[in-house]
Amino acid sequence: MPQDCFWWGTMWVFPVAMPVVVLLALILCLYLIFGRRGAKPFEGAQSVRNADTALDILKKRYAGGEITRQEYEQIKKDII
């Protein structure tokens, strides 16, 4: 067998390449499971955290003139 055929042939590719492929797949899986813990949450979760509270909505309604002072005080007392 010629020397260049052994070097470039498929005799060495599989035993060398398969452990590398398996290792890369394992690293990718571990990154997807454990590596993204510090990542920002997706947009849906962030919008829920930034949602107005009931008291904030009540204050906006009172400031906008939708409800009277008596209604504001009554609803505020019910909320708190």
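Computed from the coordinates by the stated procedures, all read-outs in this text should not be read as laboratory data. Note that the structure is a prediction, hence the values are computed from the model and not measured. All Cβ positions, even for glycine, are placed from backbone atoms using ideal geometry, and neighbour counts span all protein chains on display.
Brief remarks on what is shown
- Note, ³J(HN,Hα) from phi for segment 25-32, Karplus 6.51, -1.76, 1.60, rounded to Hz, x at Gly and Pro: 5, 5, 5, 5, 5, 5, 5, 5
- Sequence of 31, 72 once ranked by neighbouring C-beta atoms within 10 Å, starting from the fewest: 31, 72
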